[in-house]
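Written out below as structure tokens is the structure these notes cover.
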Amino acid sequence: MTFLRWFLPQVIFYGLGATIGAILNVRQSFAAPMFAPVLNNLIVITTCMVFIFVPGPRPPTATGISAGQITVLAGGTTLGVVVMTFALLPSLRAVGFRYRPRLDLSHPGLRRAMRLAGWTLLYVAVSQVGYLVIVRLASSATAYTVYTYGYQIFQLPYAIIAVSVITALLPRMSAHAADDRNDLVRQDLSTGMRLASVVIVPAALALLALGRPIAITVFNHGAVSHAGASQIGDTLAAFAIALVPFSLFQVQLRAFYAHQDSRTPALVNIGVVATNIASAVALSSLLPEKNRSVALALAFAVSYLVGVAASSMLLRARLGGIDAGRIARLLTQVTIAGGLGAVVAAVVAWLVQLLLGDGWIGSGVAVVVACTLGLLAYLAVIIRMQLPEVVALATTVRDRFGSRSAPRL
């Protein structure tokens, strides 16, 4: 309860920050929303360093923690969110935005926003139901912890690449949808899916090949044993199967949102969550208890395979196609190139661990060397293929530091 009192103000500032970030993105200003979370991270890191020196139980537990430790930990993390939000204000003023309060509950724009928000709340509520079922199926604390750790690493490629592409494309896609130019929306969607795939596909294959060494490097310290870290790695490899469909599904949802349609994503999400629950129950009964976290990760992958298939069919009907042939060709090409890179990475990691051992030091060296050589192999093949998406992706990521929108392909 004490932590809850500290954390409740974060909800307000997270909401304000998200709103300001959306305004900046609409006005083609991407740098500030990208860098503001860095300030939050720096403050949280500083908080953790200060926490080490605060008097109290060692190690601290949920029931054994001093008042000073609570203040530093809760206050520091809340301060990070506050600073992150206020850091956006100068950029908001720089783009010419001026806020003028106006209380008009009957305004058509507010009514439309409330209708859209209602379906979004349903989306979130259904997702939470699915999450509760997954937590229940992860019957032991170990399975839940392993699942959560694997999920956090799995999210990194999506958060870095797919979100960057989505952020740059959504304002333009929304403008085209407002002009009833579905042909341009279709082109924007195709561009987004292909740009994301150039990095997401090899990243998924790399996680699949290097799941164990990555997890051992990150987690095999302190309370996490080598066997526990290996289990996290197996779960991460299972999550890797979901990375491509999950990322493409998130890109596709933005085409619906660009048309101010939050109803279809909410209804599709019901099917995704239902598939996740059914698959999780089935796989949990088929696989041994010790592989419960792997079963839940595979169920997650199955659900988003269904989700991306469903959203593709719906978008094809709405937009008159989704450039499926071109997207499929690119996916095939980057899978071939990424597969070669993943094989190189797996072999190199095995050789390095053979020489240095499979502890966290040997695994860390293996991951660095394997990723470097695997990336070089991937780039060599992908450049040989002369894919325009490679240049366009570099432009998109670069432009997030400035104020330009994503390129069109």
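The values are calculated or read from the model by the stated rules, or taken from the named source; none is laboratory data. The structure presented is a predicted model; accordingly, all values stated were derived computationally and were not measured. All Cβ positions, even for glycine, are placed from backbone atoms using ideal geometry, and neighbour counts span all protein chains on display.
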Checklist entry - Among (1) at pLDDT 85 or above; (2) closer than 23 Å to G222 by Cβ; (3) surrounded by fewer than 15 Cβ atoms within 10 Å (Cβ to Cβ), where does L73 come up short? => result (3)
Next on the checklist: Testing A18 on (1) touching a residue at least 12 places away in the same chain (Cβ under 8 Å); (2) under 23 Å from R93 (Cβ atoms), one condition comes back false. Which one is that?
Outcome noted: (1)
Checklist entry - With (1) surrounded by 24 or more Cβ atoms within 10 Å (Cβ to Cβ); (2) among the polar types (S, T, N, Q); (3) under 15 Å from the mean Cα position of the chain (by Cα) as the list, and Q231 as the residue in question, which single condition is left unmet? => result (3)
Next on the checklist: What's the total number of residues in the range 314-334 that are under 19 Å from R181 (Cα atoms) and either buried (at least 17 other Cβ atoms within 10 Å of the Cβ) or in contact with a helix residue (DSSP H, G or I) (Cβ under 9 Å, 6 or more places away or on another chain) (or both)?
Outcome noted: 10
Checklist entry - Of all the residues that make up the range 245-265, how many are in contact with a Leu (Cβ under 8 Å, 6 or more places away or on another chain) and of a type in the set (A, V, I, L, M)? => result 3
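Those residues that are in contact (Cβ under 8 Å) with a residue 60 or more places away in the chain and of a type in the set (A, V, I, L, M), I need them from the range 33-54; list them, please.
Result: M34, single match.
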Checklist entry - In the range 276-313, what count of residues is obtained for those that are within 22 Å of D234 (Cβ to Cβ) and either assigned to a loop (DSSP other than H, G, I, E, B) or out of contact with any helix residue (DSSP H, G or I) (no Cβ under 9 Å at 6 or more places or on another chain) (or both)? => result 2
Next on the checklist: Criterion first (surrounded by 24 or more Cβ atoms within 10 Å (Cβ to Cβ) and free of Cβ contacts under 8 Å to residues at least 60 places away in the same chain) does A196 satisfy it?
Outcome noted: yes
Item to check | Output for the range 88-105, where each listed residue is under 14 Å from I23 (Cα atoms) and in a loop (DSSP other than H, G, I, E, B) | outcome: L88, V95, G96, F97, R98, Y99
Checklist entry - Just one of L205, L243 is of a type outside the set (S, T, Y) and either over 23 Å from L132 (Cα atoms) or in contact with a Gly (Cβ under 6 Å, 6 or more places away or on another chain) (or both); which is it? => result L205
Checklist entry - Within the range 112-141, can you find the residues that are in a helix (DSSP H, G or I) and among the polar types (S, T, N, Q)? => result T120, S127, Q128
Next on the checklist: Which condition from (1) touching an Asp or Glu at 6+ places or on another chain (Cβ under 6 Å); (2) surrounded by fewer than 20 Cβ atoms within 10 Å (Cβ to Cβ) is the one that R181 breaks?
Outcome noted: (1)
Next on the checklist: Among the residues of the range 347-389, what is the count of those that are of a type in the set (D, E) and within 21 Å of F219 (Cα to Cα)?
Outcome noted: 1
Checklist entry - So which of R326, R316 is closer than 30 Å to S190 by Cα, over 24 Å from the mean Cα position of the chain (by Cα), assigned by TED's automatic domain parsing to the domain that holds T217 and in a helix (DSSP H, G or I)? => result R316
